[in-house]
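Reviewing the structure listed below.
The values are calculated or read from the model by the stated rules, or taken from the named source; none is laboratory data. Just so we're clear, the structure is a prediction, and the values are computed from it rather than from any experiment. Cβ sites come from the backbone with ideal geometry, for glycine too, and all protein chains shown count toward neighbours. Remember, those area values only see protein heavy atoms, side chains included, never the ligands or the DNA or RNA. Shrake-Rupley method; radii C 1.70, N 1.55, O 1.52, S 1.80 Å.
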Amino acid sequence: MLLGGRAFADGPDISRPLLFHSPRLDPFVDDLSLLPRLDSSSYRIDAVSTMHSFHRDLPPGPALAYGDNTYGGPTLVAHRGQETAIEYRNRIDAHPFAVDFDTSLHGLSERDRTDVPTSMHLHGGVTPPEFDGNPEQISRPGQGFTYRFPNRQGAT
């Protein structure tokens, strides 16, 4: 097995669990940014590549986000019994973890490192199958899909 450029006969050396050290940083020095809260029955959401600094003592690094955010995305408010439509577009031009993709997994190929596939899924939603964002329902950069959520269940 190869880990961090080192070969291990039977896997990683578990006596050295910290092969990759994080920099020493003072914890809890930055205010937690609140993500925007949007309340509508229809949205347009773009998945994008961004740069974000996660700590005051670190430079910005590559991240993924939705819309105008530098990480994460807005909180979308939905109302029971009122359909929510989300026009989703993949505008990711670089994936920060592309080098670590395991292309031996089902459905992944070298193409996925540069032509990043995405799929949107609403966890906890009772969603019609055609809008459930399954792993085979992907959007490549420049592509998208309009998802429709009936919101007939209680809060999730």
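Annotations for the structure displayed:
- Ranked by the mean number of other Cβ atoms within 10 Å per residue, highest first, peptides 72-80, 104-112 order as 72-80, 104-112.
- Percent carbon-and-sulfur accessible area, segment 78-119, ignoring ligands, DNA and RNA, probe 1.4 Å: 51
- Quotient of C-alpha Rg and 2.2 N^0.38 Å, computed over the chain: 1.29
- Rounded to whole numbers, the Karplus 3J(HN,Hα) couplings from phi for segment 71-85 are 7, x, x, x, 8, 9, 8, 10, 10, 4, x, 10, 4, 10, 10 Hz, using 6.51 cos²θ - 1.76 cosθ + 1.60 with θ = phi - 60°, and x at Gly and Pro.
- Computed over the chain, relative contact order equals 21 percent, with contacts defined as Cα pairs under 8 Å that lie 6+ residues apart.
- Sequence-distant residues sharing a close amide H with TYR88 (under 5 Å, placed H): ILE45, PHE145, THR146, TYR147
- At most 13 other Cβ within 10 Å, DSSP loop - chymotrypsin sites (Phe, Trp or Tyr not before Pro), segment 53-156: PHE54, PHE97
- Taking all protein chains into account, the per residue accessible area for the chain stands at 70 Å² (1.4 Å probe).
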